[in-house]
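Just so it is clear, none of the values below were taken in a lab; they were calculated from the coordinates. Remember, predicted model here, so these are calculated numbers, not experimental data. Note: ideal-geometry Cβ built from the backbone for every residue, glycine included; neighbour counts use all protein chains shown.
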Amino acid sequence: MKKYLLIPVLAALLFSCTQDKKLPIYGDKEAKITKDADGNEKIDTVYKTIPNFRFLNQDSVYINQDTFKDKIYVADFFFTSCSTICPIMHRNMKTIFDKYKGNKDVMFLSHTIDFKYDKPSVLKRYAQKLGVDVPQWQFVWGDKKEVYGLAEKDYLVAVQEDSAATDGYVHQGWLVLIDKQKHIRGAYDGTKPEEVEKLKADMDILLAEK
Amino acid sequence: MKKVILYSLLFLAIAAIINACQSADEIEMAKYLSNGKDIYESRCQNCHGKNGEGLGELAPPLTDTVFLKANKQQLACYIKNGANQPMLINGKTYQEKMPAFKDLHDIDVAQVIVYITNSFGNKQGMYKYEKVAIDLNNCQ
């Protein structure tokens, strides 16, 4: 009869395997103390979110966070004349785009850090040449202060102008995964195919999240 | 009888020398290919891809053997000086700017050309480094 004991144990094991995996939430957290109707104190964790922004996209239209409402998205920082890590980042990012093409819950947001040259018309041409000129993948231009500030303070990606660098700018190749609540849920090295595969797997987990 | 042995030894010796020459060429080719591959991976692969497939319409593929053959004398120029003229490759026009790789020496340029023109379905044999200086003098 002892054998029957095994069944709940096995069931528990099985259940633990199928339990939903959750992605972490990155960035600084704050504890916020609130009082409910009865006057009991409650502590809430407030996670870092991406603040609103206003940038011109490849069609010279201003876009802001409303464009990404109720969507998860992958953000990165690049510039069109970059011959070092950007081509490989966008080659890899395109494989993600191909996987989620037409998926209404997924978008892509590439910010140029070349505020001097990469005006919307240049971004448009770049998007066309890369073969991804659709609203699902937004390429945006903004002034230096805004874009660089957003990169470093909010997406946590280092970018800077550097006349000594090959193409005049240096930046990190992170692909940053943002959820529907504007939280950072992951950052992946866009130059490494294995990290990009992990990003795809994590996007599936994030999409399945309630 | 002695003569026969002597001649056959001589013949063998000559054959061995010819054989040795061939394998010296082969060794040089192998050296060009393996160094060329390293240069390709560090300098070209970003845009042109691991298998020479290119990147959208931003960077052309390196699989058009006819183009490579017809423009063989210009390849060193494209690499060393960059390129921004339109090119018709695999029936498609590409006109994005290619950066110049000025720091590559003639031998590097030759090795990467040998790698490219003997990979990705191309098989065009040797391109010696002495040829690079000549071709660079005749850039269009």
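Key figures
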| item | result |
| --- | --- |
| Selected residue (criterion: surrounded by the fewest Cβ atoms within 10 Å (Cβ to Cβ)) from residues of region B:93-113 that are away from chain A (no Cβ under 14 Å) and under 17 Å from B:Gly49 (Cα atoms) | B:Val112 |
| Subset of region B:48-82 that is more than 19 Å from B:Asp103 (Cα to Cα) and charged (D, E, K, R) - its residue that is farthest from the other protein chains (Cβ to nearest Cβ) | B:Lys69 |
| Qualifying positions in region A:62-92 - more than 14 Å from chain B (Cβ to nearest Cβ), touching a strand residue (DSSP E or B) at 6+ places or on another chain (Cβ under 8 Å) and under 26 Å from A:Ile205 (Cβ atoms) | A:Thr67, A:Phe68, A:Lys71, A:Ile72, A:Tyr73, A:Val74, A:Ala75, A:Asp76, A:Phe77 |
| Residue among B:Cys77, B:Cys47 that is in contact (Cβ under 8 Å) with a residue 12 or more places away in the chain, touching a Ser or Thr at 6+ places or on another chain (Cβ under 7 Å) and either closer than 24 Å to A:Thr166 by Cα or polar (S, T, N, Q) (or both) | B:Cys47 |
| Lone unmet requirement of (1) among the aromatic types (Phe, Trp, Tyr); (2) more than 14 Å from every other protein chain (Cβ to nearest Cβ); (3) in a helix (DSSP H, G or I) for B:Phe120 | (3) |
| Neighbours by Cβ (under 7 Å, 6+ apart or cross-chain): first from region B:124-138, in contact (Cβ under 8 Å) with a residue 12 or more places away in the chain; second of a type in the set (D, E, K, R) | B:Gln124/B:Lys69; B:Tyr129/B:Asp106; B:Val132/B:Asp106; B:Ala133/B:Asp106; B:Leu136/B:Lys80 |
| Test: residue in region B:28-45 that is at negative phi, more than 14 Å from the chain's Cα centre (by Cα) and more than 14 Å from every other protein chain (Cβ to nearest Cβ) | no |
| Within region B:51-92, tally of residues that are closer than 22 Å to A:Gln128 by Cα and surrounded by fewer than 15 Cβ atoms within 10 Å (Cβ to Cβ) | 8 |
